[in-house]
Every structure is written in structure tokens, then in C-alpha cells.
Amino acid sequence: MASANGRLGQHFLGVLDVVLRVPSIFIIDAIFNSYSDPGTGWSGTAGRALIRALGILVSSVVLVLSQKSLFKFYTLFVAVLLGAASVLVNYYGTSHVDFYSAYNKAALVFGLLPRSGPTLWLGLALLQLLLGLGYVALLNVQSLCAALIVLDIMVPLWGLMIDLPAHVRQVLALASGAVLAMHAAANLLWKLKWFYYSCRYVYLLLRHMYRIYGLQLLLEDTWKRIRFPDILRVFWLTRMTAQAVILVYVVRVVRSESGLQLGWDLFWDLTSNLIISGCDSTLTVLGMSAVISSLAHYLGLSILAFIGSTEEEDKRLGFVAPVLFFILALQTGLSGLGPEERLVRLSRNMCLLLTAILHFIHGMTDPVLMSLSASHVSSVRRHVPVLLVSLVLFALPVLLSYVLWHNYVLNTWLFAVTAFCVELCLKVLVSLTVYGLFMIDGFYNVLWEKLDDYVYYVRSTGNVIEFVFGVIMFGNGAYTMMFETGSKIRACMMCLHAYFNIYLQAKNGWKTFINRRTAVKKINSLPEVKGTQLREIEDVCAICYQEFATSARITPCHHYFHALCLRKWLYIQDTCPMCHQRVYIEDDGHERASFSNNNGYAAAGQERAEFDEQEGGADAGAAAGEAEPENEHLEDNDSIEYDEEEWGTQPGVTLVEEEYINDDTDSN
């Protein structure tokens, strides 16, 4: 119970910490969006610029304060507000010559307010007492001084009770306010010492972190410490809610005056105005990005739970989606456009973002498809969710392209969205084709040696098409930058696209092709065992532990494997999986070398006959005795045991490579 209460308290403090930082964002946003009149001269312009810079500086400092310092700052701020409210109440109560008549006129609107004199005095006295107690409690004033402060706040009410002249009551109110202001100023001046040491401590801490960890980790730590994404979400949602309330109020007023009829057109106009105002500045775009991040994060978690995936790397959708949206907004200058043009540009960016999210979801489902098919999982319940998501990923781009082509004319944006949709459909088809090949292989219990080649052909075709689309998109972006809207951000994004999606993809694809060709060449250079000799071995492949159905390949160190299994191994390194000797053929004499199985057994009569033919019976016995220590690696497979740590430290072998060997397909 205590731990539950502690967690609840920490959660409440976290929520309060976020809420108290949001006003700083509102102030910064209001300062950036404020209009500056250039016709007031250089002095007025300089003064306004100084005030704006000071406001931004103070708001930024409050934004990055620690939680303890933030609570102390708001304690002082609320205390000052309570003192100011008490002064205003005293001034309002004493500023009228005939206070009761002025009050009664104002109170007629509210039926719950008191109208008699004593009741009014008691109400004002109670209000001032609460304000004074709150003021002294927040500032932690000592008991005697606290009593004097409360007494000073109550003095103007005495003048109201005994019906002093109006000018006397005003003097009392001004004197009370002056005393309270001096006390508040003295407290704030006393707190300047704390503020100085707090700022110095923060500066030294930031300097230390910058020197030790660098600027990037410093920014990341500050980003997480103040919960900046949560602050942006609360800021954007609060701003949108306030604007929605204002719009609804305006519509109600207009409807009551002119008889305006509600309909879908009016609802769409209101929604459009909200969306337009939700991205009218850089901070609002950041807030919208934070909201998109939250939606994308939970969408990704839902899809992962639906398809049964537990990969941590697939949980990055909540990071990728907002970053892409913000880059698109900066690239197109979203916040600086006019209202109508901003709405159109935002809808186009959302279409591009949707296609990117669908591509990321395909990246989440493809490994699950390959895992289910390659491991021959027979449960239909495991296959149906992944196949359903794949079909949705195929249908949504088709539907999106159909709708866009029937409502817009062809331009560079529509061409880009269509290209992304077609590319996604092709990637889904490639994944389903490979999935079908593996399922067919699992249906038959015979080793399908051509499976690896078919999978490579299918994936290579998909990668080549993806590469072609990357080149086309680069040309589309270059055309847009030169003839439509060019910007530095677009140029940087094109450079990144050219490096990651064109250059690296072509380099990796060519490297994979060379590795396969080299591996096939090495496999073809090894002797092949078939027929009677293969049946005399009576053992299994040391890589896949499957029997030899038709043939086997023998390495120079006299170990044998399936050609397919050994080829996958040779994609990574040129050594034998059993003894780690290099796999190569020096001359044709190796083709006539004796072969042994992985248990050290030689086929009957083969090895002895070769020695007898070359050197005779006696010399053959000596040669066999000398060769025995050289061929110690021809022992049983089980005698060559490596635990996981030893295997990971073998020359040229890593755990990642071992996992690659166990895969049933190539990584392109």
C-alpha cells in the first residue's frame, strides 16, 4: 500500500511538473507571434526587442529549471499574485464614493451574492483573510510578521465598516498596498541570493556535463528531464481546446443573432480553422509532432501485439513519425504559409507521412512473416494476423492512390505519393512470395536445394525495383527544388536520400552479389560425393543436421556438408565450420584425396588402396603412422565442442554470423 501511494505521489509530481512548465511555452509562442509596429522609431523598436528578449530568456530559464527550483519559483509567483489580488480587492472596495449602490448594481446579475451591509463585510473580510493567510504561508513568514501582514490587509475593510469618507478609505487602501508591496519586494530581494546560487549551480552542472559527455548527451538529458514531448503535447492540446471553445462560443452568438443553420459545411469550416491554427508557428508544429508521436507510438505497439512480435527495434515508430512530420513541415515552410495554402500543404504532408508509416509497419511485419514461414509454425492463429496486416498494407496504398488520382491533377507531390504506394505494394508482394516459398518448403519434408536461389532472386528483384524508385524519387526532388520550391532543408534531405537510399543500397547489393558469386565458385571447386560413396558415409550435415539425400561437398580438410549449407557459411568467411581451416583447392590432386565422414570414418578400402599404390605396403604403414597426428581434426563432431563464449571468440566468427548461418534466406 505504501509503495502504491509512493508511485501515485511520484506520478502526481510528474504531472504537476509538466503542467507548470507549459506556461513558459505559451509565453514564448506569444512573443514570437506578436506583431511589432515599425512606425514607432528606433527607440520604441529597441525597447520592444529588449522586452521580448528578456521575456524569452526568463521563460526559457523557467522551462529548464529543476523540479525543486520550479516549485519554489511558482510558490513565490503565486504568493505575489495573492498579494496583488488583496490589494486590488481593497482598492475596488474603497474607490467608490457610494460603495453599496455600486455593489448592488453589480450584484443584481448574480443572485447568490450578498446584498446587505454586514454580510458584505463578512464576505470581503473572509476573502481578504484567505488571501493574506495564503500569502504569508507561501512566503513562510514568521508568526509576528505574518500577523502584521494580515492586519495590514484587513485595515481598509475597517474603514468600509465604519463608513469613513471615500478619500480616507483610498488613502488606507494605498498605504496597505504600499506596505504589502514593500514586504513582497524585500522577500524577492532576499530570494535573489538563492536565485544567484541556483543559477550558478545549474551553470556549473551544465558545464561539467558538457565537458564530460558532450553537447548531444547534455541536450538529451535535458529533453528527458523536463519531459519536453509531454510539455509540447499539453501545450498543443490546451491551445487547440481553448480555440475550439472560442469558436463554438462565436458560432452560438452568430446563430442566436442571425439564425445560422448548423451543417457539415459549418463543421468542416470550424475543423479547418482549428487545423490551420494548430500549425501556425514553429512551436505549434512541434506540439503537433508530439501528438503524432504519441498516436504513432500506440499504433506501433498495437500492431506489434496483434502480430505477436517482441522486437525492441520495431517500437521506434513513435520516434520516426514525428521526426519525419517536422522535417516535412520545415522543408515546405508550413508555418509561414497563408491559411488556405497551409491547409493544402498540411494535407499533402499527411499523405506522405501515411505512406512512410505504412512502409515502417511493413518493416515490422516482414521479419515475423519470415520467422513463421522459415520455422514452419503450423498454428493458423499465428499466421492469420500477420497475413491480415500484409493484405491491409497492400490495399491501403492502392486505395490512397485511387482517391488522390481522382481528386488531384498530376504534379510532383502526387507523383511522389504514388511512387511510394507502388513501392510499398511491391515490397508486400516480395514478402508474401518469399513467405509462400518457405511455406512450400515446409510442406514437403525433402531438402529443397534451389530454395536459397529462388529467395535470392525474388528479394534481389524487389531490391532492384526499390533502387530504381529511389533514383526516380531523387530526380523528382531535384525537379521540385529547381522549378517549384527550393530550400536548404530540401537540398540536405536530397543528399541524405542519395547517400542512404541510392549509394549504400547499390553498394550493399553489389557486395551481396559478389559474395554469392564467390561462394558459388568455391562450392563448385569442391569435390562432390554421390551414390554409393554417399550411402557408405552414414552421417548427417554438420550444419543443418539433416541427412544427405542426393549429394554432399567435401572440403580440403575432409569434412562434408550440403552444398547449400556450406554456401551460406562461405558468404561470411572462407573457413571450414568444423576445424576452421581455409576452404580452397590448391591443385587437382585434391579431387582424388581420400574423404572421411564427420565421425572420422573412411569409406572401405579407399584410403589404404591409394597409399598401397603409391608407396607399397611397408611404406604405407609408416606414412599412415606419420599422418595420424596431422589428421587429428578427423575425429568425431562431438569432440569439437565450443561453448557460446568460445565460439564467439574464434577467429573470423561472431555470434551475429552464427545467427546468419541459421537463417533460411539471405540478407540483401
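So the values come out like this:
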| read-out | value |
| --- | --- |
| Cβ-Cβ under 7 Å pairs, at least 6 apart or on other chains, the range 392-414 side within 24 Å of residue 428 (Cα to Cα), far side outside any helix (DSSP H, G or I) and open to solvent by 70 Å² or more (accessible area, probe 1.4 Å) | 414/408 |
| Among the candidates 262, 270, 237, residue that is over 16 Å from the mean Cα position of the chain (by Cα) and outside any helix (DSSP H, G or I) | 262 |
| Long-range neighbours under 8 Å by Cβ, at least six apart or interchain, first residue under 14 Å from residue 345 (Cα atoms) within the range 268-284, second aromatic (Phe, Trp, Tyr) | 278/236 |
| Contacts under 7 angstrom Cβ, first residue in the range 329-350 being free of Cβ contacts under 8 Å to residues at least 40 places away in the same chain, partner in a helix (DSSP H, G or I) and hydroxyl-bearing (Ser, Thr, Tyr), 6 or more apart | 345/332; 349/332 |
| Residue, modelled with the lowest pLDDT, within the range 219-255, restricted to residues that are touching a helix residue (DSSP H, G or I) at 6+ places or on another chain (Cβ under 8 Å) and charged (D, E, K, R) | 221 |
| Odd one out for residue 276 among (1) part of a helix (DSSP H, G or I); (2) open to solvent by 40 Å² or more (accessible area, probe 1.4 Å); (3) farther than 30 Å from residue 386 by Cα | (2) |
| Hey, residue 507 open to solvent by 40 Å² or more (accessible area, probe 1.4 Å), closer than 14 Å to residue 566 by Cα and in a helix (DSSP H, G or I) or not | no |
| Hits in the range 561-579 - residues which are open to solvent by less than 40 Å² (accessible area, probe 1.4 Å) and more than 19 Å from residue 450 (Cα to Cα) | 573, 574, 575, 576, 577, 578, 579 |
| Evaluation of residue 164 against (1) of a type outside the set (D, E, K, R); (2) outside any helix (DSSP H, G or I); (3) under 23 Å from residue 77 (Cα atoms) (one fails), failing number | (3) |
| Test for residue 101: is it at pLDDT 90 or above, farther than 27 Å from residue 149 by Cβ and either in a helix (DSSP H, G or I) or open to solvent by 70 Å² or more (accessible area, probe 1.4 Å) (or both) | no |
| The range 409-465 - residue that is among the acidic types (Asp, Glu) and open to solvent by less than 50 Å² (accessible area, probe 1.4 Å) and, of those, nearest to the chain's Cα centre (by Cα) | 423 |
| Filtered residues of the range 62-87 (kept if surrounded by fewer than 16 Cβ atoms within 10 Å (Cβ to Cβ), in contact (Cβ under 8 Å) with a residue 60 or more places away in the chain and not small (Gly, Ala, Ser)) | 75, 78 |
| Any hit, the range 211-218, residues being open to solvent by 50 Å² or more (accessible area, probe 1.4 Å), polar (S, T, N, Q), under 44 Å from the mean Cα position of the chain (by Cα) and modelled with pLDDT under 85 | yes |
| Given (1) surrounded by fewer than 17 Cβ atoms within 10 Å (Cβ to Cβ); (2) assigned to a loop (DSSP other than H, G, I, E, B), index of the condition residue 558 fails | (1) |
| Hey, residue 432 under 24 Å from residue 288 (Cβ atoms) and either of a type in the set (Lys, Arg) or touching a residue at least 12 places away in the same chain (Cβ under 8 Å) (or both) or not | no |
| Residue among 184, 146, 137 that is open to solvent by 30 Å² or more (accessible area, probe 1.4 Å), at pLDDT 85 or above and in a helix (DSSP H, G or I) | 137 |
| Selected residue [in a helix (DSSP H, G or I), aliphatic (A, V, I, L, M) and over 23 Å from residue 565 (Cα atoms)] from 465, 440 | 465 |
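The rows are residues; the columns are (1) touching a Leu at 6+ places or on another chain (Cβ under 6 Å); (2) among the hydroxyl-bearing types (Ser, Thr, Tyr); (3) modelled with pLDDT of 90 or more; (4) closer than 18 Å to residue 229 by Cα.
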| site | (1), (2), (3), (4) |
| --- | --- |
| 19 | no, no, yes, yes |
| 23 | no, no, yes, yes |
| 32 | no, no, no, no |
| 83 | yes, no, yes, no |
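Residue by residue, here is whether (1) polar (S, T, N, Q); (2) closer than 23 Å to residue 27 by Cα; (3) surrounded by 11 or more Cβ atoms within 10 Å (Cβ to Cβ) holds:
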site	(1), (2), (3)
199	no, yes, yes
224	no, yes, no
227	no, yes, yes
250	no, no, yes
254	no, no, yes
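The values are calculated or read from the model by the stated rules, or taken from the named source; none is laboratory data. Just so it is clear, the model here is predicted, and its values are computed rather than measured. Methodologically, a virtual Cβ is constructed for each residue, glycine included, from the backbone with ideal geometry; neighbour enumeration extends over all protein chains shown. The area values use the complete protein model at the heavy-atom level, side chains included, leaving out ligands, DNA and RNA. Shrake-Rupley method; radii C 1.70, N 1.55, O 1.52, S 1.80 Å.
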